[in-house]
Amino acid sequence: METQSVGFHKAGLPGAVNFPLTMAPMVGLSHCAFRQLVREYLPLGATTLWPSEMLNSRRLPEEKLHKIPEAMVFENENYWMPQILANEEEKIRLSLPKLYDHGAQGIDINMGCPVQKALKHNYGVSLMGDAQYAARVVEMTVKYATGPVSVKLRAVDSEAKSGWRDFVKGLESAGATWLCLHPRTADQKRRGQADWSQIRELTETVNIPVIGNGDIQTPTDILNMLNETHCDMVMAGRVLTARPWLFWQLGEDLGWPSPERHKGRAPRTPTEEGIEYGRSLFRLLELMEGILPERLALRKFVFHIKTGSVWLPFGHELYRKMTAAKTFSAARKVLETFFAHSHQMYQKTELRQ
């Protein structure tokens, strides 16, 4: 099968982003160790976007980026796209040079976070309530940007639907290089089914690339979203904590060479995936041990397992046992004991956690 190209040659990134899958910016999860784990499953020759966790522009000017886990990067990280919560020009002006000096090759503005902490400062999804204000935030960011500026959005409810086209066209006019849509409303958060028809509507409304996000669990889901919505690229979130080799599987389906670190055929059967899940957790723990303090690393590791173990029968037992691990050595022992027996992964789960 021929390699599928994506529309990001229009986006102004250095080089060519040529793979149709990227990972989502996820609080507590999209740190550099996890990005490195996923990158090791990227097909040979493929390039994609690598987002950070959310970074708050009110704090960024004073933060030492190489010391906070949300902003840590590995030396080999290309196409690093820090995601910022922002709405004040002065904070944006001070934050962006620091991010570029730290390795950013683009900036993503979060207009999709529905949590109360973001809403009370008029960040995240609250920006979607005022089209002119949202466009102004994009203009401010573009003003100080030296690379592409993207915006991650959520769906709107039926009452706000009438102004949706004007809203996204305003972001485009303000200078957004591409848009990413997670088609669940703020009230839905992560519950219910993502409405892919809104991604299709977005691709028909704007003349810039669109990334689709929501309900991605398998390579077939990715191909279906590309075909049904005509988006330029697909973003996967929580499933990557369970199935980081989704990049390998998709690449194999599209005719890409195997990843440099993982030769042969991608895991496909429930048993093969259960084995690879264990391997991925051992590797993630190894990566985290090299960069994070033990207590912090284990807290993040437990959260990673809590998120991804729902794709595994008895995954709750792995999570329970891992919560008791207070050292890297104890965590490895839990993994060794649990994965001494074979496990079969679910292809899909309800994605309601």
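For this structure, a couple of remarks:
- Under-5 Å amide H pairs with V234, H placed in peptide plane, nonlocal only: L21, T22, G212
- Cα lying deepest toward the dipole's positive end in the chain, options P43, L60, S258, charges on Cβ: L60
- From phi via Karplus (6.51, -1.76, 1.60), per-residue ³J(HN,Hα) for segment 321-329 in Hz, x at Gly/Pro: 5, 5, 4, 8, 7, 10, 9, 4, 4
- Once both labels are positioned 7 Å from their Cα atoms along Cα-to-Cβ, the gap between D253 and R59 label points is 3.7 nm.
- For segment 288-294, putting each phi into the Karplus relation 6.51 cos²θ - 1.76 cosθ + 1.60 with θ = phi - 60° gives couplings of 5, 4, x, 10, 10, x, 4 Hz, in residue order, rounded to whole numbers and with x for Gly and Pro.
- Per-residue ellipticity at 222 nm computed for the chain from its helices equals -11500 deg cm²/dmol, with DSSP H segments shorter than 4 residues left out and the rest contributing -39,500 (n - 2.57).
- Fluctuation leader among I84, I222, I291 - the chain, Gaussian network, Cα springs under 10 angstrom: I291
- Pairs of alpha carbons in segment 270-338 whose separation is greater than 13 Å (percent): 61 percent
- Length gained on full extension, F328 to E260: 21.8 nm, using 0.36 nm per residue less the C-alpha separation.
- Computed over neighbours whose Cβ is under 13 Å from that of R295, the net charge equals +1, Lys and Arg +1, Asp and Glu -1.
- Whole-Hz ³J(HN,Hα) from phi, Karplus 6.51 cos²θ - 1.76 cosθ + 1.60, for segment 256-262, glycine and proline x: 7, x, 4, x, 4, 7, 10
- Between the residues G290, L312, G278, the greatest Cα displacement towards the positive end of the dipole of segment 270-338, with unit charges on the Cβ of Lys, Arg, Asp and Glu, is found for G290.
- When the pairs K91/K326; K152/K263; K98/K333; K152/K326; K91/K300 are compared against a 30 Å limit on Cα-Cα distance, K91/K326; K152/K263; K98/K333; K152/K326 fall above it.
- Once backbone amide H atoms are built at 1.01 Å from N, S52 has M81, Q83 as its partners under 5 Å, excluding neighbours fewer than 5 places away on the same chain.
- Only Lys, Arg, Asp and Glu carry charge here, each on its Cβ (+1 for the first two, -1 for the last two); on that basis the chain has a dipole of about 1120 debye about its Cα centre.
- Positive-end residue of V168, Q344, L226, charge dipole of the chain with Cβ unit charges: Q344
- Dipole magnitude of segment 265-353 about its Cα centre (Cβ charges: Lys, Arg +1; Asp, Glu -1), debye to nearest 20: 220 debye
- Amide H contacts of H343 (H built 1.01 Å from N, under 5 Å, at least 5 apart or other chain): I275
- Between F74 and D130, the modelled labels are 4.1 nm apart [label points 7 Å from Cα along Cα→Cβ].
- Between H230, H262, H182, the Gaussian network model of the chain with springs among Cα atoms under 10 angstrom shows the greatest mean-square fluctuation at H262.
- Note on segment 247-316: with charges restricted to the Cβ of Lys and Arg (+1) and Asp and Glu (-1), its dipole about the Cα centre is near 200 debye.
- A protection proxy built from the mean count of other Cβ atoms within 10 Å ranks the segments 133-142, 336-345, 295-304, most packed first, as 133-142, 295-304, 336-345.
Computed from the coordinates by the stated procedures, all read-outs in this text should not be read as laboratory data. Computed from a prediction, not measured in an experiment: that's the story for all the values here. Positions of Cβ are generated from backbone atoms using ideal geometry, with glycine treated the same way; all protein chains shown enter the neighbour counts.
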